[in-house]
Amino acid sequence: MTRWIRALVMATCVAAAPAIAAQWPSYPTPGVPRTPDGKPNLTAPAPRTADGKVDFSGIWNLRFGGGGGRGRGAAGAPPTPPPAPDPNAVPVSQFFEVAGRGYALPLQPWAAELKKKRMADNSKDNPDVWCLPIGLMQYHNHPQPRQIVQTKNLMLITYESNYGLRYIYLDGRPAPSNDPTPWWFGYSRGWYEGNDTLVVETTNFRGDERAGWLDVNGSPYTDALKMTERFRRPNFGSLEIDITIDDPKAYTKPFTVRVNHQLLVDSEMIEFICNENERSTEHIPKPK
């Protein structure tokens, strides 16, 4: 979507929030530790699998600063002010800029020119405009939630935005080596380092003009991208993901960013069908 269309959509969603909440089933999330007054205790220890590893299952919302978002879990405790920025810390990724504003990406010259062109075109070729999968970094930073379902050999992430579905294989398989057709979501394989950190390596991305967007402003990626994510759950209600972007075709060196999510409890994912009543493309100027 263009920025003005996206702003209009978000404003409409906020205005309609009471009506949506009134229509959606209300059911308490099972297995959530609670304080004596029934509120979610999001600072409790993270849950673990039968073999003692952190379990990342749950519905997660992007964390803006100290809190806020949909559902009781986002407001289960009073929001705390965000700490002062640390110039030596990993940059916090943002929806419009993959490494946050003010961080100079190590773009190859052609990639820098392509990003300028995309921004000048008001991001009209972003796959989000066309109801296509929007790329893992845009999904990570999207304000709509995502749900992680973790089993012994497979993790599924369902994204409310554009009804996306991602598979992460945890069974020890190697990366595909038979020149397969590339994936919009890439091909993801995960393993634990110790019991607390899940490392996910994703390769075999589509990297064409329509698919290769790391953010709304159009920071590109190519089919050479290797994305390495390190998932950590420091307590019951927090999820930290450090993501390393390694794409030698588009960037002069790898770079790492962080995404922070918070648990969303006593709520459910909403069915979101992007193509239903889609009107964004009507406002895109036709090529001359």
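The values are calculated or read from the model by the stated rules, or taken from the named source; none is laboratory data. Keep in mind the model is a prediction, meaning the values are calculated, not measured. Ideal geometry is used to build each Cβ from the backbone, glycine not excepted, and the neighbour counts take in all protein chains shown.
For segment 46-58, what are the residues that are of a type in the set (A, V, I, L, M) and in a strand (DSSP E or B)? Selection gives Val54 alone. Among the conditions (1) outside any strand (DSSP E or B); (2) in contact (Cβ under 8 Å) with a residue 12 or more places away in the chain; (3) among the hydroxyl-bearing types (Ser, Thr, Tyr), the only one that Thr181 does not satisfy is (2). Can you name the condition, by its number, that Asn195 falls short on among (1) touching a residue at least 60 places away in the same chain (Cβ under 8 Å); (2) more than 26 Å from Gln150 (Cβ to Cβ); (3) surrounded by fewer than 19 Cβ atoms within 10 Å (Cβ to Cβ)? For Asn195, the failing item is (2).
One residue stands out in segment 38-61 among those that are among the aliphatic types (A, V, I, L, M) and surrounded by 15 or more Cβ atoms within 10 Å (Cβ to Cβ): the one that is nearest to Ile148 (Cα to Cα), namely Ile59.
The set of residues from segment 253-283 being loosely packed, with under 13 Cβ neighbours inside 10 Å and in contact with a Pro (Cβ under 7 Å, 6 or more places away or on another chain) comprises just one member, Lys253.
Got at least one residue in segment 134-151 being within 26 Å of Glu278 (Cβ to Cβ) and in a strand (DSSP E or B)? The answer is yes; a qualifying residue exists. Screening Thr29, Thr43 for residues that are in a loop (DSSP other than H, G, I, E, B), modelled with pLDDT of 95 or more and within 18 Å of Asp266 (Cβ to Cβ) leaves exactly one candidate, Thr43.
Considering segment 201-232, and only residues there that are modelled with pLDDT of 95 or more, of a type in the set (A, V, I, L, M, F, W, C) and in contact with a Phe, Trp or Tyr (Cβ under 7 Å, 6 or more places away or on another chain), the residue that is nearest to Lys253 (Cα to Cα) turns out to be Leu225.
Scanning segment 248-288 for residues that are among the aliphatic types (A, V, I, L, M) and assigned to a loop (DSSP other than H, G, I, E, B) yields Ala250, Leu264, Val265, Met269, Ile270, Ile273, Ile284. Residues in segment 166-181 that are within 20 Å of the chain's Cα centre (by Cα) and under 26 Å from Ala250 (Cβ atoms): Arg166, Tyr167, Ile168, Tyr169. Tell me whether segment 144-151 contains one or more residues that are under 24 Å from Pro248 (Cβ atoms) and touching a residue at least 12 places away in the same chain (Cβ under 8 Å). Within segment 144-151, none of the residues are under 24 Å from Pro248 (Cβ atoms) and touching a residue at least 12 places away in the same chain (Cβ under 8 Å). Could you identify the single residue in Asn204, Asn235, Asn153 that is loosely packed, with under 15 Cβ neighbours inside 10 Å and farther than 23 Å from Val92 by Cβ? Only one candidate qualifies: Asn153.
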